[in-house]
Amino acid sequence: MDLFLVTYIISANIQKYEIGQNYPNFFNSFFKDFLLCIVILSIKLYIYSIIQYNVKKPTILYLISFIIFFSTFFSAQIPGLVNYSEENGLNSSYTYRLSQDNNGFIWVGSDNGLFRFDGKEFKQYNKKDGLKNIDVLACYPLSNGEIFINPFLNDFAYLKNGKIINSDTNKELRKIQFGHNPDIYIDKESLIIYTTYNPKNLYQYKNGKVSTIPLYFKNSPNITNYVFGFDPSNHLLYLSDQKTNIQAYHIINKTMTPCNIFSGKGTAIFRKGDYFIFRHKRTIEIYKRENNFHFKKLQSYTINENIHQMIVDKNYKIWLCLEKGGSLYFKESLLEFDTLQLSTPTRILDDYIINDIMMDKDNNAWFSTRNNGIFFIGDRFFKNYIHLPIKNNSGYITAIAKNDNNIILGYNEAKSGIFNSKKIENIVLEKNRKIEHKAIYAKGNTLIFGLSLTLIQYNIRTRKKEILRECNIKNIIPYTENSVLLCTSNDLTAYHYLNKTFIEILKERVYNALPYHQDSIFVGSFKDLYKLNSNTKKKTLFLEGYYFTDLKKLKQNVYVGATNLNGIILFNNKGITRKITEKEGLPTSQIKKIEVENDHTFWASTNSGLCRIEIQEKHFKINNFTQTDGLPSNVVAGCVIKNDTVYVGTSKGLGVLPIHDLFTQQKFINKKVIINSVTIGNKEFFDRQQHLTGQTPDNNISFNLSFPDYSSQGKINYRYKVEGLNENWQISNSPIITFNAIPPGKYIFKVFGLGYNGKQSYISSDVAFEISPKFWQTWWFKVFSILVFAAIIFLLINLYFQKKRNKKLENLYYEKKIAELELQAIKAQINPHFIYNCLNSIQFLLYKKDYQETENYLDVFSQMIRKTLHYSEKTFMPVNEEVEYLSLYLNMEKLRLKDQFEYKITVSEKVDKSWIIPSLLIQPFAENALKHGIANLKDRKGIIDISFDHIDSSLCITIEDNGVGINNTSESMGKINSFGVKLSQKRIETFKQLFDTHIILEINNLQDSQQKPGTQIKLYITPYENQNTSLHH
């Protein structure tokens, strides 16, 4: 029966292997099943031994425990280990060499093309992209941005500006032909390519050109020369025929020089700088080149397994990939070998065949595997694993505590662990029972485990455990010197763990408690916090509406509480003092546990990581830590602090993190967002140095982004804006940022990368672009259009007003014609009226028989007639001629009236005597002053005063007399309404209409204004200088 069981297990696992399961998985599965078989057989042996031979129970139990413990060693995982496979977009499980370019991208050669990984997604290059051979062994990033692709055997290609250039596109690549897979050496912007078996030429690739360097050493048919290193600075090619010492061939001088070391048959040689590692079977020998031809042996190291691959990473540390799976890592750098020796290596990924290992720029570790994709370990996880390896550290921790010497762990099963001296000692509390730990109390050798259904006490020294009672534990709180408070679903109980007695305090469901004063306890229910007096059992509601998951005392009368929904509450014995929520910087408001560091600093455990809160006077200083900072998982059950180290219990094991290291992290991520390409309309730009421009209507623009922050494990966001379009920052988790219908203009796209914990890239990535308008959208076209439109409007308006103006001019023309005729008629009326008045005067003189005066009067009258006829033909006359005409007229009237009046004509110095005024306009007013004003004066001599003055911008002509003045008598009214005055007034109106001359007539009674007899007539005339008229001047 036993033989049948073993045979069945072996055959079942062989079938698994035959149907395609890879060898390491087969080995692991077989080993576990084999151990299961051993356990079953051991149990049978145990029962049989007791019955037949009375073997002591402990002997068999130790054997079984040893087997179970040993079996768990093979299932341990590395905290923070990430596997990328087909589910993540790596559409090939068989991967080859890894490399990293200047932008930080990880390049993966595989049996299904070339992959580029940016931390979030894999981009595949295969046949449709231009690869003639999709079995890509490796690629080599060059400093000019090209990626040289090395497929199996030939069909070389390179990637430039997002496009693959193969030998069909660039025939230079056809020069490179090999019968074996070549070795390639990167020399800045160029590559040196050569076969490692009897090379005849070296090929140099640079900027799309291939040059051939011939080799002239002799190749004997019976001797194979293996090339294992090229030194371009010294032009040396190192070879080995595996029969004699290695040789150094100078490719320029064509000379061969032997070196001082020997390489035998079956020896593989790996070179890194001046260090050469020889592998022969299971032994490695390390040499350092002291000059071109002399090597110094540093150390030999032998392992018990066959070596599949040797790798020296960028830090000059040695990795040995094993044939049966896994790798060995030596933490000493070759650069330190003058003082150090290789120590015992660390085993990593035992279950996988590893093809290549690479340490990236941030010292993250990458592993390519056979049939299992690639693996990634962040720098902090890797350092923790190497320098503080914790065996069997992969359990789901739900509770954590500490005593003087140990860290106590509780898992999501009836199993606990004691961490000490870099290892975890597991304690099986109850077999085959899946009940999780809720709380742990540790003091000295006493451990109290509160599981979801059981309370267990354990003694570390005696290893004795005791099930105290079956109960649903919610929390365990320190109470008195040797007792604890047990919060259960049924009650609150004090348990004295020395004499193992229970004292019930409160018969209610209690989730949390905290002693805060003698006989006083804070007691937390599902939704409220109470104050309880342990003696009187009196319970008082204290804080309503809060479900506290943990309570701790910071200092006297200052307490901190973790809540399930409301963040962290700070309170005293009177009430809440402060609250801490997501608004203040917490990653979540659901808090699990509190660990006090000092009276103003504490740590909070959440499902989103670990928080350290420092209470300041007005604010809180909050530091959030996640997987990117070294936590095995973001699901944190709790933490404890010892010295300067925080021990964190997570869903993926225990994290051991020096506090000082946590705070030496940079506030920003020392990376920039990579703008892979910019698509404007239907045109994609890969070279950001060229002018990026598009034109309406192809004004949609997309930015293809990457942020290679691998520690964020794909949880990447982008913070961006377009200056000139929108000044508000936006956040997106998509690597494609698209803007639609961007108006014409010049813009700058700015973008920051945001890591998993919200850290931002240290600087923005900027790219300028321009959307050019169509010609009808250009500013000059708009200005031109506005000017044309304005001109058209102006012309239309001008035509409209011109039409109106012409109509008005036409009307004015006819009105002027009428006015001219009226003026001529008025003049025709003035001349007879004047002659009639003069003849009346002559008749009066003849009647008086004053013939001498009549003769004088006739002489003056004849002069007046000539001047009147002369001026009547003129429309305007100068001021000086008007003065002469008035003087002549008044002298003539003095002859008639026998010196009954005096006159005075005054011309101000302000008046230009050449100014033009309407002709014969003043004389009727002077005549009216004589006839109606002073002709009939009996008590005084008449005076007529005529003055010409310039007031403001007008010529002011004043005719003033000391006659009877203006009153209500018929004579006075006749003075105003005399025929001559009426004609003059009509002339004034005609002049205004005809010549646009500004004339104002004022008639004043001096008796009213100046209390003296007489009349004052004022004429305000704007001197007329434009004499263009159809009338005679």
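The values are calculated or read from the model by the stated rules, or taken from the named source; none is laboratory data. As the structure is a prediction and not an experimental result, all values here were calculated from the model. Because the Cβ atoms are built from the backbone with ideal geometry, glycine has one as well, and the counts that use them run over all protein chains shown.
Scan the range 677-687 residue by residue and report those that are under 15 Å from ILE737 (Cβ atoms) and surrounded by fewer than 20 Cβ atoms within 10 Å (Cβ to Cβ).
The answer is SER677, THR679, GLU684.
Looking at the range 279-290 only, could you name the residues that are over 52 Å from the mean Cα position of the chain (by Cα) and closer than 18 Å to SER240 by Cβ?
Listed by number, the residues that qualify are HIS280, LYS281, THR283, GLU285.
I'd like to verify a number: residues in the range 981-1011 that are touching a helix residue (DSSP H, G or I) at 6+ places or on another chain (Cβ under 7 Å) and modelled with pLDDT of 80 or more, how many?
Number satisfying all stated conditions: 3.
Answer yes or no: is there a residue in the range 286-306 that is of a type in the set (Phe, Trp, Tyr) and either without any contact (Cβ under 8 Å) to a residue 24 or more places away in the chain or closer than 27 Å to ASP379 by Cβ (or both).
yes
Within the range 436-445, can one find any residue that is surrounded by fewer than 16 Cβ atoms within 10 Å (Cβ to Cβ), of a type in the set (D, E, K, R) and within 30 Å of SER520 (Cβ to Cβ)?
no
Quick check, is ASN144 of a type in the set (S, T, N, Q), over 36 Å from the mean Cα position of the chain (by Cα), farther than 29 Å from ASN733 by Cβ and in a loop (DSSP other than H, G, I, E, B)?
The answer is no for ASN144.
Among the candidates GLY119, GLY104, GLY162, GLY113, single out the residue that is touching a helix residue (DSSP H, G or I) at 6+ places or on another chain (Cβ under 8 Å), in contact (Cβ under 8 Å) with a residue 60 or more places away in the chain and over 27 Å from ILE213 (Cβ atoms).
Unique residue meeting the criteria: GLY119.
When you look at ILE797, is it at pLDDT 90 or above, exposed (fewer than 11 other Cβ atoms within 10 Å of the Cβ) and over 21 Å from the mean Cα position of the chain (by Cα), yes or no?
Here the answer is yes, as ILE797 does meet what is asked.
For the range 131-158, how many residues are in contact with a strand residue (DSSP E or B) (Cβ under 8 Å, 6 or more places away or on another chain), buried (at least 17 other Cβ atoms within 10 Å of the Cβ) and farther than 23 Å from GLY373 by Cα?
Residues in the range 131-158 being in contact with a strand residue (DSSP E or B) (Cβ under 8 Å, 6 or more places away or on another chain), buried (at least 17 other Cβ atoms within 10 Å of the Cβ) and farther than 23 Å from GLY373 by Cα: 5 in total.
Sort out which residues of the range 212-226 are over 13 Å from TYR197 (Cβ atoms) and either modelled with pLDDT under 90 or exposed (fewer than 13 other Cβ atoms within 10 Å of the Cβ) (or both), and write them in order of number.
Matches in the range 212-226: THR212, PRO214, TYR216, PHE217, LYS218, SER220, PRO221, ASN222.
Give me the residue from the range 347-356 that is outside any strand (DSSP E or B) and in contact with a strand residue (DSSP E or B) (Cβ under 9 Å, 6 or more places away or on another chain) and, out of that set, surrounded by the fewest Cβ atoms within 10 Å (Cβ to Cβ).
That would be ASP350.
Quick test of your reading of the structure: ARG174 fulfils all but one of (1) surrounded by fewer than 21 Cβ atoms within 10 Å (Cβ to Cβ); (2) not in a helix (DSSP H, G or I). Name the failing condition by number.
(2)
Look through LEU921, LEU886 and report the one residue that is in the same structural domain as ASP939 (by TED's automatic domain parsing), touching a residue at least 24 places away in the same chain (Cβ under 8 Å) and within 20 Å of ASN840 (Cα to Cα).
Just a single option satisfies the conditions, and that option is LEU886.
Only strands (runs of 3 or more DSSP E) wholly contained in the range 235-346 count here; list those with 2 or more residues that are closer than 30 Å to PRO389 by Cα and out of contact with any helix residue (DSSP H, G or I) (no Cβ under 7 Å at 6 or more places or on another chain).
267-272, 275-280, 283-289, 295-302, 307-312, 317-322, 327-333
Would it be correct to say that TYR813 is out of contact with any Asp or Glu (no Cβ under 8 Å at 6 or more places or on another chain) and either of a type in the set (Gly, Ala, Ser) or modelled with pLDDT of 75 or more (or both)?
no
Conditions tested, residue by residue: (1) within 43 Å of the chain's Cα centre (by Cα); (2) closer than 30 Å to ASP129 by Cβ.
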residue: LEU173; (1), (2): yes, yes
residue: PHE178; (1), (2): no, yes
residue: ILE184; (1), (2): yes, yes
residue: LEU191; (1), (2): yes, yes
residue: THR196; (1), (2): no, yes
residue: LYS206; (1), (2): yes, yes
residue: SER220; (1), (2): no, no
residue: LEU236; (1), (2): no, no
residue: THR244; (1), (2): no, no
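So which strands (runs of 3 or more DSSP E) stay within the range 842-931 end to end and still have 3 or more residues that are crowded, with 19+ Cβ neighbours inside 10 Å?
916-918
Any residue at all in the range 113-134 that is in contact with a Cys (Cβ under 8 Å, 6 or more places away or on another chain) and over 26 Å from SER233 (Cβ atoms)?
yes
So, ASN225, is that one touching a Leu at 6+ places or on another chain (Cβ under 6 Å) and polar (S, T, N, Q) or not?
yes
Would you confirm, using the coordinates I've provided, whether ASN623 is touching a residue at least 12 places away in the same chain (Cβ under 8 Å) and out of contact with any Gly (no Cβ under 6 Å at 6 or more places or on another chain)?
yes
If I go through the range 357-392 residue by residue, how many of them are under 28 Å from SER416 (Cβ atoms) and part of a strand (DSSP E or B)?
Number satisfying all stated conditions: 2.
How about the range 227-272: which of its residues are of a type in the set (Lys, Arg) and modelled with pLDDT of 90 or more?
Scanning the range 227-272 gives LYS254, ARG271, LYS272.
If you check SER220 against the conditions, is it in contact with a Ser or Thr (Cβ under 7 Å, 6 or more places away or on another chain) and small (Gly, Ala, Ser)?
So SER220 does not fit the description; no.
What is the residue count in the range 387-403 for residues that are modelled with pLDDT of 85 or more and of a type in the set (A, V, I, L, M, F, W, C)?
Residues that pass the stated criteria total 4.
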